[in-house]
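Where a number appears in this text, it was derived from the coordinates with a stated rule and is not lab data. What you see is a predicted model; the values in this text were computed from it and never measured. Virtual Cβ from ideal backbone geometry, glycine too; neighbours counted across all protein chains shown.
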Amino acid sequence: MMYILNVLAPVFAVIALGVVLRRIGFVGDDVLAGMNRLAYWVGLPCLLLHKIAAASFVEAASFDVLWLVLIGMGASLAVGGAVARALRVRRAQAGAFLQAVFRGNLAFVGLAVVLSAFAALPGAEADVQARAERAVVLTLGPIVPVYNIVAVLVLLGCNHSLGARTLRTMGLQVATNPLLVASAAGVAVSLSGWSFPPAVQRTLQTVGQLALPLALLCIGGRIASARLGERGGLAVLAAVIKVTVGPAVGYVAARWMGIGPVETAAALILLACPTAVASYVLSEQLGADSALSAGAVVVSTILSVVSLAVVVAMI
């Protein structure tokens with residue numbers, strides 16, 4: 001129990017701090033938006049570039065975590081689609097509902113929990129922590145653009161507005177995605193056998209360290225201003241699917257594929273994460289039900305305390 005508390009308390013305490021700071025007016029929406037951009041465009045790319053470039057990519061090029069996350073994501077999307085069809089969810093809400101059931105907050109919540117989990121694991125050796133860390137950072141690069149592509153297809157597909165112009169825009173967004181660019185650059189440096197000078201490494205490390213605290217504060221700030229409203233039932237249903245189906249299917253797939261315990265634990269943590277805050281922003285931009293997306297973020301964040309605790313207890 002103390003291990004679970006030591007892993008999850010710091011993460012959700014910072015999120016709660018973000019809620020408090022937003023509620024008392026210490027930070028406003030403009031400040032939160034700036035912090036989120038700083039974390040996403042600067043802090044997290046520096047973190048990924050530093051971690052991946054320093055990894056032995058040839059030895060660590062196991063994409064077991066990525067495959068498990070993709071399998072869990074697909075299962076959540078399939079279940080969500082079946083539920084939406086059975087309940088005859090209106091098209092205006094279906095896109096937001098489907099996005100909420102599969103798009104997890106891996107870059108901010110997931111990475112923070114994985115790093116905390118293996119750092120706090122009693123008796124864990126340094127190489128075990130390094131394996132988990134490498135597996136996750138090598139997963140984030142490709143999975144973030146996959147999330148973006150599928151989310152856009154789902155949201156626009158439900159509104160019958162998918163066209164060549166949208167596909168071009170989506171391709172440009174993927175090609176310029178800061179996480180993908182940073183990951184690709186890190187892999188290139190690692191495979192080349194070259195390493196950054198110490199001053200560059202320390203700079204990347206220092207800037208990267210600001211990413212996770214800023215991101216968690218922003219999540220709390222977003223939650224503080226979200227309202228469930230009349231979409232509460234669908235938001236709760238989407239949140240339940242998000243934090244249960246993916247981890248359950250991922251666990252079965254890991255056992256069937258014979259994936260090691262470190263990679264399995266890392267993947268299940270990512271699958272047990274709450275719905276990404278970015279789902280609310282994208283829903284708003286593409287004309288989907290943003291209130292439903294916001295509600296799913298709130299409820300799934302609360303439920304993820306339980307889902308992540310269950311996964312962490314299995315490590």
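Tabulated values for the structure
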quantity: Semi-axis lengths (Å, descending) of the ellipsoid that matches the C-alpha gyration tensor of the stretch 237-315; calculated: 27, 12, 9
quantity: Thr203/Arg37 FRET efficiency (R0 25 Å; Cβ-Cβ; nearest 0.05); calculated: 0.80
quantity: Sparse-neighbour loop sites [trypsin sites (Lys or Arg not before Pro); the stretch 209-311; at most 15 other C-beta within 10 Å; DSSP]; calculated: Arg227
quantity: Folded to 0 to 90 degrees: helix 111-120 orientation relative to the chain principal axis, Cα; calculated: 50
quantity: Segments 67-74, 185-192 sorted - mean Cβ within 10 Å per residue, highest first; calculated: 67-74, 185-192
quantity: Cleavage-rule hits, chymotrypsin sites (Phe, Trp or Tyr not before Pro), the stretch 242-302, DSSP coil, Cβ neighbours within 10 Å at most 14; calculated: none
quantity: Under-5 Å amide H pairs with Gly104, H placed in peptide plane, nonlocal only; calculated: Ala276
quantity: Spin-label pair Ala175/Ala82, simplified geometry with 7 Å Cα→Cβ offset, distance in nm; calculated: 3.9
quantity: On Cα atoms only, tilt of 198-208 relative to the major axis of the chain in degrees; calculated: 30
quantity: Column: log10 I(q)/I(0), Debye, Cα scatterers of the chain, q = 0.10, 0.11 Å⁻¹; calculated: -0.53, -0.65
quantity: Burial order of peptide ranges 260-273, 37-50, 96-109 (average beta-carbon count within 10 Å, highest first); calculated: 96-109, 260-273, 37-50
quantity: Mean Cβ count within 10 Å, highest first, over the residues of peptides 299-305, 287-293, 17-23; calculated: 287-293, 299-305, 17-23
quantity: Contact order normalised by residue count of the stretch 211-315, Cα under 8 Å, 6+ apart, percent; calculated: 39
